[in-house]
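First the structure, in the form of structure tokens, and then the observations on it.
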Amino acid sequence: MTRAREAAGRLAPAALLLAAILGPQVASEFFPGLHPWLIDHWALTWAAAWREPWRLVLSPLVQPRPGLVGTEWMFALAVVPACSWLWRWPALAAGFWGADAAGTLPTLGALRVAAAWSDHADRLLQHPDSGASAGLFGLAVVAAWRLPAGIGRAVLAGVALFAAGRLALFHRTFDVEHALAIAATSAVLWAAAGPPGSNRDRGAGA
């Protein structure tokens, strides 16, 4: 009973975060007219980040298009429970929203500066930013950090290579955000917990 209660306590935050991420996707699948409202009220722009800062929390929960987006929902179903099982819930929340902010704000800031002389950057800046992918890439890094060192480093290398390959091939705004989210999350974890797997190794030694 104690183990079952502990398992439920670890996975409950994952269920809440998955509901927050997938709920709007499922709702807009059945009610496509909901999606424009979500973009208008939840998605992020450079100006809204300072005028309506709550959009920093809401923008990762609305996708760029209605319905279940590509394989992102499957990525969420894999990464969120894994991270919740390996870390306590504050790391789950900080990993998701922290990685999203680390990917989104520098990208929007760079576009805002570049828009002064680049029409292309100005056009990109006009599209509200949304989507859970940067936060999910961050959670993939957070989860991998707690795996045994060899496995964790292999997972991290796979995540980094996948994101770098997408960035090199497509050069899209959200590919830049993914790369920044991975880099920032890795830097914070290295500073706070040491190399991948070292936190687990210390715990095992104790």
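The values are calculated or read from the model by the stated rules, or taken from the named source; none is laboratory data. Just so it is clear, the structure is predicted and the values come from calculations on it, not from any experiment. Please note: Cβ atoms are built from the backbone with ideal geometry, for glycine as well, and neighbour counts cover all protein chains shown. Only protein heavy atoms, including side chains, enter the accessible area calculation; ligands, DNA and RNA are left aside. Shrake-Rupley method; radii C 1.70, N 1.55, O 1.52, S 1.80 Å.
Listed values, structure above:
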| item | result |
| --- | --- |
| Amide H contacts of Asp129 (H built 1.01 Å from N, under 5 Å, at least 5 apart or other chain) | Leu44, Thr45 |
| Reported label for calculated volume of the Cα convex hull per residue in Å³ given [x] 250; [y] 149; [z] 130 | [z] |
| Under 14 Å from the Ala110 label point (7 Å along Cα→beta-carbon), backbone N, region 142-160 | none |
| Only Lys, Arg (+1) and Asp, Glu (-1) charged, at Cβ; the chain dipole about Cα centre in debye | 660 |
| Whole-percent carbon and sulfur share, accessible surface of region 61-206, 1.4 Å | 69 |
| Whole-Hz couplings from phi, Karplus 6.51/-1.76/1.60, listed for region 65-79; x for Gly and Pro | 9, x, x, 6, 8, x, 9, 4, 5, 5, 4, 4, 5, 8, 7 |
| Dipole magnitude (debye, nearest 20) for region 117-206, charges at Cβ of Lys, Arg, Asp, Glu | 440 |
| Accessible surface, region 34-155, averaged per residue in Å² (probe 1.4 Å) | 47 |
| Acute angle (nearest 10 degrees) that the helix 89-114 long axis makes with the longest principal axis of the chain, alpha-carbon atoms | 30 |
| Lys, Arg +1 and Asp, Glu -1 on Cβ, resulting dipole of region 1-92 about Cα centre, debye, nearest 20 | 340 |
| Over the chain: helical MRE at 222 nm, DSSP H runs n ≥ 4 each giving -39500 (n - 2.57), nearest 500 | -25500 deg cm²/dmol |
| 0 to 90° range, to nearest 10: angle between helix 2-30 axis and the chain longest Cα axis | 20 |
| Degrees between helix 173-193 axis and first principal axis of the chain (Cα, 0 to 90, nearest 10) | 30 |
| In Å², nearest 10: area of Leu11 left accessible to a 1.4 Å probe | 70 |
| Directionally averaged projected area (convex hull, Cα atoms, region 5-90), nm² | 6.4 |
